[in-house]
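S.K.: What follows is a single structure, and I will ask about it in a moment.
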């Protein structure tokens with residue numbers, strides 16, 4: 001698909017706090033169904049259907065499970081925008097939040113395809129239209145863009161390396177049995193095979 005904007009370099013800033021973002025992604029990716037609450041005698045407009053819209057409307061046949069991506073993205077948005085910490089108000093996002101959400105959405109939309117089946121901005125625009133009262137942080141509109149293929153691959157590799165590192169660290173910390181030790185060895189071999 002040809003997008004109105006050229007792809008840009010990825011923003012790697014969120015890797016400074018990767019464990020935090022990996023935890024949020026893991027929590028969101030447990031969502032594997034569309035949440036709907038429609039009364040039987042009521043026929044809602046598309047704008048009121050939320051992520052169910054992607055299930056009944058074929059927006060892009062090349063995107064697998066667009067309705068699930070929609071639900072998971074909403075969850076990530078909610079987790080990141082509603083956290084409070086020193087120097088951050090609830091209901092806001094920080095630069096690294098934007099860059100992580102952009103990476104995550106690019107990764108999910110592209111899947112195993114080499115090209116994006118739908119522009120990131122267009123997908124988000126549709127999300128906003130069907131979830132009118134959900135996405136209230138308007139600055140997110142300008143922070144989502146298509147990441148260049150090469151940068152996305154580098155970001156995926158880095159994300160995978162951090163994931164493997166965490167598994168190795170966990171296996172070392174829990175190394176109480178011979179089986180756990182072989183688990184650590186397995187992750188180490190996987191890391192070596194993937195990234196040598």
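S.K.: Along each principal axis of its Cα atoms, how long is region 66-123 end to end? Whole angstroms, biggest number first, please.
M.R.: If we take the Cα atoms of region 66-123, the spans are 40, 20, 18 Å.
S.K.: Arrange the peptides 99-111, 19-31 so that the one whose residues have, on average, the most other Cβ atoms within 10 Å appears first.
M.R.: 99-111, 19-31
S.K.: While we're looking at this one, here's another question. Fewest to most neighbouring Cβ within 10 Å: what's the order for 56, 69, 137? Can you show the working numbers first?
M.R.: Details: 56 9, 69 22, 137 15.
Taking fewest neighbouring Cβ atoms as first place, the list is 56, 137, 69.
S.K.: If you don't mind, another one. Please check which bits of region 122-138 a label hung off residue 113 would reach, taking the label as a point 7 Å along Cα-to-C-beta and the cut-off as backbone N under 13 Å.
M.R.: Under cut-off, by backbone N: 122-123.
S.K.: Using a Förster distance of 22 Å, how high is the FRET efficiency between residue 19 and residue 92, based on the Cβ-Cβ distance and rounded to 0.05? If you can, show how the numbers build up before the last one.
M.R.: Working: r = 21 Å, r/R0 = 0.97.
Between residue 19 and residue 92 the formula returns 0.55.
S.K.: For region 70-196, just run the numbers: alpha carbon Rg, then divide by 2.2 N^0.38 Å, N being how many residues it has.
M.R.: Ratio of Rg to 2.2 N^0.38 Å for region 70-196: 1.31.
S.K.: Quote to one decimal, in nm, the extra length available between residue 65 and residue 129 on full extension: 0.36 nm per residue of separation minus the C-alpha distance between them.
M.R.: Details: separation 64, 0.36 × 64 = 23.04 nm, distance 1.84 nm.
Contour length minus the Cα-Cα distance gives 21.2 nm.
S.K.: Moving on. Per the Kirkwood formula on distinct C-alpha pairs, the Rh of region 98-156 is how many angstrom?
M.R.: On the way: mean 1/r = 0.0838 Å⁻¹.
Across region 98-156, the inverse of the average 1/r is 11.9 Å.
S.K.: Rank the residues 161, 140 as a footprinting-exposure proxy: fewest other Cβ atoms within 10 Å of their Cβ go first. Show your work: numbers first, answer last.
M.R.: On the way: 161 14, 140 18.
Listing 161, 140 from fewest to most nearby Cβ atoms yields 161, 140.
S.K.: Calculated FRET efficiency, residue 190 and residue 79, Cβ-Cβ r, R0 22 Å, to nearest 0.05?
M.R.: Numbers: r = 28 Å, r/R0 = 1.29.
It comes to 0.20.
Here, each number is a calculation from the coordinates, and none is a lab measurement. Only a predicted model underlies this, so the values are computations on that prediction, with no experimental measurement involved. All Cβ positions, even for glycine, are placed from backbone atoms using ideal geometry, and neighbour counts span all protein chains on display.
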